[in-house]
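Novice: The following block contains the structure, expressed as structure tokens.
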There are 2 protein chains.
Amino acid sequence: MPMTRAQCLEADKIDPLARYRDAFVLPPDTIYLDGNSLGPLPKAVAGCLHDTVVEQWGQGLIGSWNDHDWIGLAERLGEKIAPLIGAGPGQVIVADSVSVNLYKLLATALSLRPGRTIILSSEDNFPTDLYIAQGLTALLGRERCELVILEGSRLMKAIGANTAVVMLTHVDFRSGRLYDMQSITQQVHDAGALMLWDLSHSTGALPLKLDAFDVDLAVGSGYKYLNGGPGAPAFLYVAARHLGNATQPLRGWMGHAEPFAFRPGYEPAPGILRFQSGTPPILSYRALEAALALWDNVDLDQLRDKSVLLSETFIELVQASEVLSDFVLNSPREAAERGSQVSFAHPLGYAIMRALIDRRVIGDFREPNLLRFGLAPMYTRYVDVWDAVAHLDGVMLNREYDTPEFREQPRVT
Amino acid sequence: MPMTRAQCLEADKIDPLARYRDAFVLPPDTIYLDGNSLGPLPKAVAGCLHDTVVEQWGQGLIGSWNDHDWIGLAERLGEKIAPLIGAGPGQVIVADSVSVNLYKLLATALSLRPGRTIILSSEDNFPTDLYIAQGLTALLGRERCELVILEGSRLMKAIGANTAVVMLTHVDFRSGRLYDMQSITQQVHDAGALMLWDLSHSTGALPLKLDAFDVDLAVGSGYKYLNGGPGAPAFLYVAARHLGNATQPLRGWMGHAEPFAFRPGYEPAPGILRFQSGTPPILSYRALEAALALWDNVDLDQLRDKSVLLSETFIELVQASEVLSDFVLNSPREAAERGSQVSFAHPLGYAIMRALIDRRVIGDFREPNLLRFGLAPMYTRYVDVWDAVAHLDGVMLNREYDTPEFREQPRVT
């Protein structure tokens, strides 16, 4: 039996994470279940950015690179993210976008596995990950680098002596399916290859153990569960054991050993800092910094427990509703195999999501027919889940999806 | 005879660009001559960012990608920059950093000149430009790509049948020396190679004519004379005639023909849009957008005229001062060969600049012995130049540079 609305309210009352909700701006009468596309605004951001603009830039001018340590932001923010992904110090920086960081790390992987040429990935990986690999392959030519894309279940058997790196997204952006990081990383290592995880849909949603599982390389997003703002800078991780030899092709001055010596020859900065490229967008970094401050004392096991209970409740409520009997669960039914989202297939999925958003329940639609709901345990309440499913009932009962305006596809969702 | 202070005040009074100064936050009692490192804060930015954070992100959430056209920012800002560099529509976007954009365009150049392997550049080019080329060379291997770095005067003779692209910075970051864009581009074309200009130190300081001079490729900075904020996103230009065939290796989803179809295969977006990679940092883009609005009606010839008179005045005042007789001009004496800065060599340059900054005259120091002064005609006044040189006189007369604290090198200047 799924929880009743009263039980949800009760669960919210005793939720140890409940106090974090107040740290966010959440528009009234809105149930926001799209934090896995764009996290909501942490209240601390506006003040931090105002200070950065008016005081640091406006009054401090060029001096703020030193006086307010803008130059150290990439490293400082990396160290804030490190505990969220189970990384010890000196292995994480914030830089560029997920796409650009993937490019760096794929090239790094090839250089760390000379003679091996294959990048192996899954056909349902997030598209930009595949595009970036295709771009590297096109540049290097097939004799130097080849991208092999397989259906997920066939991947492990395909790893061979020519596989340099396996690149997977830990939590699938459509289904929320969660890969077994430890087991896969181990199998990849057994074949002598490196493992590169895209953590965009898992960082800030569940505990991660990159060091403990001997992960080699990882990237992740700043704008989903980390709530760093639209297009927030991304992060990358390189295991300490690789840092001595690791090189990457986007050798900008910020990754130089002495950027302000202005010497014509590139000399890599020590350790992870060499994975920086050009001058970083400080305003966006500062918004992310304010957002990351929220994580200082979050218990990630509590976070995961709540995430599981939220998604279990969502699934149980949908499955218990007769009105929703033609919604097909597109996420694993086992909580242990799921990230922090649920998705359902429905042939009218797009129009239904539009109607739901019209009721101010914000999820998103993914091709071809998926309704996707992100459950962010820092601010999503149990009662939000209950109310969202009740709204979905209402949309179906009243056929609210059945209007011409909801049939046209959007540019972005 | 250089201008007197009274004549400077008079020149400011009749300056047709004088009204723009009021659009900037300029701290009181400060003479800011470092806008070529970081432009000052345009007053419009704080409000624009506040609205972006509080309304667009805070209230609009994920919907703002469409409702406030965040998705169109790269193109929209590119079109705002286009007239400043003499580019017709459809050839400029804002994306990533100068370094990352250079990487894209160097790879593009190699693909447009198959069989040619050499990137030719000058030894005094801005270091990150050289590092990026070194990174590409290291990845591709010498048989596919080689960087040849020469002293500037030897460059033109070195262009040969194997030169794919010549990469130069239009205005030198140390001396302010201005290359003859038309003549060099023509010579490079005569040898069958492509021309890639780094416009970081010229955009917003003088009129540029990329289309008229048949330039192939260009990049530039958003945070210098465009005043877009610390680490503001950069721009890139690809001439329309190349866009049909141009590819670049950093193939992120934002450069895909249909990013939200989420197909596994990369298909380039039409035209210049394919030079986008990952999700862009919207907050930093919006600050740049507010800054670019200032340029709508600026007459770039007036801008150049004022820039020349500012730098002529600076040089004349220094050269007329007996106290400053050991300052050696490190910029071309001919205005036509100079960008919008002047620099002087002095063996005690670093300590002198520290002492000058202590008097709130902000220039910067560049290794090994250069005092550099940026003259931004949108907000620098003639009287600022006069007062700056008077302060320099004072620093030397009083030996204010001669203190232990000013001898230590900074991390950033």
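Novice: Mind telling me which of the residues B:SER175, B:SER153 ends up being closer than 22 Å to B:LEU371 by Cα and not assigned by TED's automatic domain parsing to the domain that holds B:SER340? Full working, then the answer.
Specialist: Working: B:SER153 fails: closer than 22 Å to B:LEU371 by Cα.
Among B:SER175, B:SER153, only B:SER175 is closer than 22 Å to B:LEU371 by Cα and not assigned by TED's automatic domain parsing to the domain that holds B:SER340.
Novice: Now for a separate question. Going by what's in this entry, would B:GLY222 be described as under 30 Å from A:ASN66 (Cα atoms) and within 10 Å of another protein chain (Cβ to nearest Cβ)? Before you say what the answer is, go through the steps one by one.
Specialist: Details: under 30 Å from A:ASN66 (Cα atoms): yes; within 10 Å of another protein chain (Cβ to nearest Cβ): yes.
Against the criterion (under 30 Å from A:ASN66 (Cα atoms) and within 10 Å of another protein chain (Cβ to nearest Cβ)), B:GLY222 qualifies.
Novice: Further, regarding this structure: Return the total of residues in segment A:303-331 being in contact (Cβ under 8 Å) with a residue 40 or more places away in the chain, within 19 Å of the chain's Cα centre (by Cα) and within 20 Å of A:TYR179 (Cβ to Cβ).
Specialist: Summing the residues that are in contact (Cβ under 8 Å) with a residue 40 or more places away in the chain, within 19 Å of the chain's Cα centre (by Cα) and within 20 Å of A:TYR179 (Cβ to Cβ) in segment A:303-331 gives 5.
Novice: I've got another one for you. Restricting to segment A:322-367, what's the tally of residues that are surrounded by 15 or more Cβ atoms within 10 Å (Cβ to Cβ), out of contact with any Leu (no Cβ under 8 Å at 6 or more places or on another chain) and hydroxyl-bearing (Ser, Thr, Tyr)?
Specialist: 2
Novice: Hey, another quick one. Across segment A:360-389, what is the number of residues that are in contact with a helix residue (DSSP H, G or I) (Cβ under 7 Å, 6 or more places away or on another chain) and part of a loop (DSSP other than H, G, I, E, B)?
Specialist: Matching residues across segment A:360-389 total 9.
Novice: Please go through segment A:202-219 and pick out each residue that is away from chain B (no Cβ under 14 Å) and under 14 Å from the mean Cα position of the chain (by Cα).
Specialist: Of segment A:202-219, the ones away from chain B (no Cβ under 14 Å) are A:202-218.
The answer is A:SER202, A:THR203, A:GLY204, A:ALA205, A:LEU206, A:PRO207, A:LEU208, A:ALA218.
Novice: Being crowded, with 16+ Cβ neighbours inside 10 Å, under 17 Å from the mean Cα position of the chain (by Cα) and farther than 23 Å from B:MET167 by Cβ is the requirement here; does B:ASP15 meet it?
Specialist: On the way: crowded, with 16+ Cβ neighbours inside 10 Å: yes; under 17 Å from the mean Cα position of the chain (by Cα): no; farther than 23 Å from B:MET167 by Cβ: yes.
It is false that B:ASP15 is crowded, with 16+ Cβ neighbours inside 10 Å, under 17 Å from the mean Cα position of the chain (by Cα) and farther than 23 Å from B:MET167 by Cβ.
Novice: Among the listed residues A:VAL188, A:VAL148, A:VAL98, A:VAL166, identify the single one that is touching a Gly at 6+ places or on another chain (Cβ under 7 Å) and at negative phi. First the steps, then the outcome.
Specialist: Numbers: A:VAL188 fails: touching a Gly at 6+ places or on another chain (Cβ under 7 Å); A:VAL148 fails: touching a Gly at 6+ places or on another chain (Cβ under 7 Å); A:VAL166 fails: touching a Gly at 6+ places or on another chain (Cβ under 7 Å).
One residue alone meets the criteria, A:VAL98.
Novice: Quick test for you: out of A:THR128, A:THR117, pick the one residue that is over 21 Å from the mean Cα position of the chain (by Cα) and not basic (Lys, Arg).
Specialist: Details: A:THR128 fails: over 21 Å from the mean Cα position of the chain (by Cα).
Criteria check complete, one pass: A:THR117.
Novice: Does A:GLY72 fit the bill of being among the small types (Gly, Ala, Ser) and assigned to a helix (DSSP H, G or I)? Break it down into steps so the answer makes sense when it comes.
Specialist: Working: among the small types (Gly, Ala, Ser): yes; assigned to a helix (DSSP H, G or I): yes.
Yes: the conditions hold for A:GLY72.
Novice: Go through segment B:16-74 and give me each residue that's facing chain A (nearest Cβ under 7 Å), under 18 Å from B:TYR223 (Cβ atoms) and among the aliphatic types (A, V, I, L, M).
Specialist: B:VAL25, B:LEU38, B:LEU41, B:VAL45, B:ALA46, B:LEU49
Novice: Residue by residue through segment B:241-288, note down the ones that are more than 7 Å from chain A (Cβ to nearest Cβ), among the charged types (D, E, K, R) and either closer than 17 Å to B:VAL100 by Cβ or surrounded by 24 or more Cβ atoms within 10 Å (Cβ to Cβ) (or both).
Specialist: Correct list: B:ARG274, B:ARG286.
Novice: Out of (1) assigned to a helix (DSSP H, G or I); (2) within 29 Å of A:GLY58 (Cβ to Cβ); (3) not acidic (Asp, Glu), what's the single condition that is false for A:LEU310?
Specialist: In the conditions (1) assigned to a helix (DSSP H, G or I); (2) within 29 Å of A:GLY58 (Cβ to Cβ); (3) not acidic (Asp, Glu), A:LEU310 misses (2) alone.
Novice: Among the residues of segment A:228-240, write down those that are surrounded by 19 or more Cβ atoms within 10 Å (Cβ to Cβ) and of a type in the set (A, V, I, L, M). Please lay out each step first, then the result.
Specialist: Going through segment A:228-240, the residues surrounded by 19 or more Cβ atoms within 10 Å (Cβ to Cβ) turn out to be A:228-239.
Answer for segment A:228-240, where residues must be surrounded by 19 or more Cβ atoms within 10 Å (Cβ to Cβ) and of a type in the set (A, V, I, L, M): A:ALA232, A:ALA234, A:LEU236, A:VAL238, A:ALA239.
The values are calculated or read from the model by the stated rules, or taken from the named source; none is laboratory data. Predicted model, so just to flag it, every value in this text is computed and none were measured. As a convention, Cβ positions derive from the backbone with ideal geometry for all residues, glycine included, and neighbour counts pool all protein chains shown.
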